Structures are given as structure tokens and as C-alpha cells.
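The values are calculated or read from the model by the stated rules, or taken from the named source; none is laboratory data. None of these values were measured; they are calculated from a predicted model. Glycine also receives a Cβ, built like all others from the backbone with ideal geometry; neighbour counts cover every protein chain displayed. Note: areas computed on protein heavy atoms with side chains; ligands, DNA, RNA excluded. Shrake-Rupley method; radii C 1.70, N 1.55, O 1.52, S 1.80 Å.
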Amino acid sequence: MNTQTLRPEVIGGFQIPGNYIESRPYGGGHINDTFVAAFSQAGTRVRYIFQRINDRIFTDPAALMDNIQRVTGEAHRRLVAAGVPDASRRTLTVLPSRDGLPYVRDKEGKFWRGYLFIEGARTYDIIQNERQAYEAARAFGGFQSLVASLPGQRLHETIPDFHNTRSRYERLKQAVAADAKGRLAGVGAEWDFIQRRENIVDRLLDLSAKGEIPERVTHNDTKLNNVMIDDATETGVCVIDLDTAMPGLALYDFGDMVRTATSPALEDEPDVSKVRMQMPMFEALVRGYLSEAGSFLNEAEISHLAFSGKLITLEIGIRFFTDYLEGDVYFKTKRPDHNLDRLRTQLALVKSIEEQEDAMENLVREVAK
Ligand code: ADP
Ligand code: GN1
Ligand code: MG
């Protein structure tokens with residue numbers, strides 16, 4: 001639940017024509033507080049999204065919004081240049097404040113941003129069919145393609161070492177050693193499972209250090225529910241949640257799609273027997289992603305697509321585990337063992353991927369030919 005409300009002083013700080021009608025909390029993200037607000041513009045009801053940026057997690061919200069403005073501005077320019085008629089529905093549009101800034105600050109100094117509301121589309125927490133998997137992956141690949149040659153300085157790192165799996169592992173080790181909430185006794189099997197896989201945490205970092213896989217502008221949070229799917233055409237219309245759009249590896253983005261769009265179970269499903277990597281969904285992800293990204297990815301990237309799914313699933317499992325041991329201070333939780341349930345689904349998915357990894361790799365080779 002949002003603990004915040006959207007106050008008039010915040011709404012009034014944005015340049016929006018017409019009259020404010022109403023607002024309510026919206027969406028189910030783990031980090032920010034999101035609201036939808038309706039305005040009357042000469043009799044037409046128009047909606048906007050407002051978000052309070054979590055400044056405990058994003059310590060430099062102005063730099064973050066600078067990234068988002070640059071990325072969405074570039075995407076919009078490229079879409080218009082390509083003759084796409086509905087460019088403002090294909091990328092987020094940041095609302096300017098009355099001072100011309102990409103955010104408004106409230107009385108407590110908290111940062112709020114506004115976006116045009118993408119109408120006629122929605123996000124999904126569970127993948128419904130192969131078509132959706134294809135479309136979601138195509139949209140995230142398309143996003144990488146749109147920002148591939150972003151002009152100007154390197155983007156700010158809004159969270160340093162965000163996908164540094166080694167440092168995520170080391171932080172978990174510290175949380176295990178501290179066992180601040182006395183929770184370790186109940187999760188020994190999970191800790192063993194992760195320790196047995198320490199040998200994979202450096203693999204992409206090593207390839208990157210050797211220059212075999214390049215740094216790119218990536219999204220870094222390519223959950224299925226961060227892409228809006230059109231209600232009528234079922235195409236992936238717009239990639240959202242750009243807080244972590246920054247320098248990264250293309251494989252982090254593909255890996256998080258495998259994590260969130262191949263299993264028929266929710267990320268926090270308490271019954272882990274429902275969790276599994278479904279090959280038809282994986283195939284659709286590979287085809288959709290390569291339809292956009294195939295032209296710029298190198299061979300090392302393509303040959304690690306299957307591996308990236310396993311790695312990122314393990315990495316996010318490590319993060320849920322760390323948060324569980326530290327007392328649920330990072331991810332929003334709705335029940336006492338919420339992070340534990342999340343941890344267990346991730347490990348079940350890693351296991352399912354391992355059981356099918358050879359077949360996944362063969363499939364990538366076939367499709368990439
Ligand atoms: P979080 O970082 O908390 O996950 P998101 O940016 O993903 O927040 O937004 C939460 C939800 O709000 C999304 O899943 C989506 O349903 C909705 N949403 C976000 N931005 C828009 C938008 N511009 N238009 C319509 N819906 C949006
Ligand atoms: C968070 O904001 P949201 O819910 O899209 C998290 C991601 C995790 C994800 C796990 C900034 O994403 O890194 O993969 O939860 N975002 C941040 O569901 O930490
Ligand atoms: Mg989100």
C-alpha cells in the first residue's frame with residue numbers, strides 16, 4: 001500500500017491544463033509510490049501518472065530524472081523521425097513542472113514526477129501466452145535499439161553496482177554473518193543452494209572486464225510488468241519504469257525477461273511447485289528480443305542468452321534473501337514471509353532453468369542462425 005497521498009501542492013506544481021478531478025494509488029511496484037490522477041480538459045477526461053521517487057533507494061533523484069529525460073527524449077525523436085504516428089504512446093513523456101524542471105518537490109523535499117498516461121494498454125504480472133512473451137521482448141529489445149546511440153555523456157548510475165552479481169553475493173554473505181533478525185536458522189537450505197552456485201556469479205562480469213561483451217544503455221529492470229501491452233492489438237506499446245535505465249549489459253535485460261516471463265507462477269507464489277521455466281515462452285522471448293536486438297548483439301551476448309536467465313534469477317533471489325535477513329527494509333512487503341516466498345520462487349526457477357539449460361542453449365543457436 002502507498003503510505004503517501006498525492007497532495008494538491010504537488011499536482012499544482014506541474015504544467016497541466018484544465019481542472020483536477022481526482023486521484024488514487026495505482027500499480028503494484030516494489031519501490032515507488034504511484035498514483036493515477038484525472039483532469040478535465042475542456043470536458044474531456046485526461047489521465048496522468050504521478051510517482052513519488054523513493055529517495056532512500058535513489059539517492060540522487062535529480063540525476064535520475066536527467067537520465068529519464070534524455071532517454072525518453074531520444075526515443076521520442078527517433079520514433080518521430082521513423083514516422084511512427086503515436087510516438088507519445090510508444091515512450092514515456094515526462095511532464096514539466098511550472099519551473100520547467102522534470103520533477104516537483106513537496107514540502108518535505110521529496111521528488112515527484114508526472115507522465116502522460118498510456119491509455120488502452122496494461123501490464124501483466126503473469127505471462128498469458130507466447131504472443132505476449134514475444135511482444136514484451138520485442139519492446140525491450142526495441143528500447144535498447146532506440147537508445148543505442150544516445151548522444152552526450154554517459155548516463156548517471158542511479159544505483160551503483162546494480163547488477164554486479166558478485167557484490168550482491170558478498171552483501172548476502174554479510175547479511176548471513178550478521179543474521180540481524182535471527183532468521184538464518186529457517187533458511188539454511190536456501191543458503192546452501194546459493195553457495196553451491198557461487199561459481200557463476202562472476203561470469204558476465206569477467207566477460208565484460210575482458211571486453212567480450214560491451215557496455216550499452218540498458219533498462220535494467222525488464223520485468224514483464226514494466227512493459228505495457230496494448231488491449232486491442234496485444235502488441236508491446238511502451239516500456240515503463242525507467243529509474244534504472246543506465247549503462248549496463250544487454251544480457252541483464254534479457255535475463256530479467258526470462259525470470260519474469262517464462263513461469264506460470266507469480267514472483268511471490270507461496271507454492272513453489274507451480275514455478276517452472278516454460279520452453280515455449282523462452283523461445284518466444286528469444287525470437288522477440290532478437291527481432292530487434294539481433295542486429296547489434298555480438299556472438300558472446302547471443303551465446304549467453306540462456307545463461308543470463310539463470311544468473312539474473314539467482315541474483316534477484318540473492319537480493320530477496322538479503323532483504324529477508326535484514327528485516328524487509330528494501331522491497332515493499334505485504335506479509336511477514338513475503339521476501340522468503342519471493343526468494344523461494346527464484347531458487348525454484350533457477351533449478352528449472354538448470355534442468356533445461358542445454359535445450360535452451362540449443363534453441364538459441366537454432367533461432368540465431
Ligand atoms: P514501480 O517502480 O513501483 O514498479 P512503475 O513505474 O512500474 O513503478 O509503475 C507502476 C505501475 O503503474 C505499472 O505497472 C503500470 O501499470 C502503471 N504505470 C506506470 N506508468 C504508467 C503510464 N505512463 N501510463 C499508464 N500506466 C502506467
Ligand atoms: C524492483 O520497481 P520494480 O518493482 O519494477 C527492483 C528490481 C527487482 C524487482 C523484483 C530499483 O522492481 O531490481 O528486480 O523489484 N527495482 C529496484 O521484482 O531495486
Ligand atoms: Mg515497475
Self-check item: Percentage relative contact order, region 130-368, counting C-alpha pairs under 8 Å, at least six apart
Solution: 29
Quiz item: What is the set of long-range amide H partners of residue 218 at a cut-off below 5 Å, with H atoms built 1.01 Å from backbone N?
Solution: 246, 248
Quiz item: Ordered by packing density, taken as the mean number of other Cβ atoms within 10 Å over each peptide's residues, highest first, how do 178-184, 259-265 rank?
Solution: 259-265, 178-184
Quiz prompt | Mean ellipticity per residue at 222 nm, deg cm²/dmol - from DSSP H runs of n ≥ 4 across the chain, formula -39500 (n - 2.57) | solution = -14000 deg cm²/dmol
Quiz item: Just the accessible area for residue 338, please: 1.4 Å probe, Å², rounded to the nearest 10?
Solution: 10
Quiz prompt | Phi-based couplings in Hz for region 75-81 (Karplus 6.51, -1.76, 1.60; Gly and Pro marked x) | solution = 4, 4, 4, 5, 5, 4, 4
Quiz item: Which of 110/332; 181/351; 274/369; 173/223; 210/332; 223/369 have a Cα-Cα distance over 30 Å?
Solution: 274/369; 210/332
Quiz item: If you take the alpha carbon radius of gyration of region 51-154 and divide it by 2.2 N^0.38 Å, what ratio comes out, to two decimals?
Solution: 1.22
Self-check item: Exposure rank, largest accessible area first [134, 289; 1.4 Å]
Solution: 134, 289
Exercise. State the dimensionless ratio Rg/Rh of region 218-369 (Rg: radius of gyration of Cα atoms; Rh: Kirkwood radius).
Key: 0.97
Quiz item: Which angle between 0 and 90 degrees, to the nearest 10, do you get for helix 338-368 versus the longest principal axis of the chain when only C-alpha atoms count?
Solution: 80
Exercise. Run the accessible area of region 16-88 with a 1.4 Å probe and give the carbon-and-sulfur part as a rounded percent.
Key: 50
Self-check item: Sorted largest first, extent of the chain alpha carbons per principal axis (Å)
Solution: 61, 51, 38
Self-check item: Rounded Å value of the spacing that divides the Cα centres of region 103-145 and region 1-43
Solution: 17
Quiz item: Working out 0.36 nm times the residue gap between residue 357 and residue 196, then minus their Cα-Cα distance, what length gain in nm do you get to one decimal?
Solution: 56.3 nm
Quiz item: Once the Cα atoms of helix 130-146 and of the chain are each reduced to a long axis, what angle between those two axes, in degrees from 0 to 90 to the nearest 10, is obtained?
Solution: 70
Self-check item: Solvent-accessible area per residue, Å², over the chain with all protein chains present [probe radius 1.4 Å]
Solution: 43
Quiz item: Counting only protein chains, not ligands or nucleic acids, how are 173, 332 ordered by accessible area (probe 1.4 Å), most first?
Solution: 173, 332
Exercise. Considering only protein heavy atoms, with the full assembly of protein chains and a 1.4 angstrom probe, order 243, 202 by accessible area, largest first.
Key: 202, 243
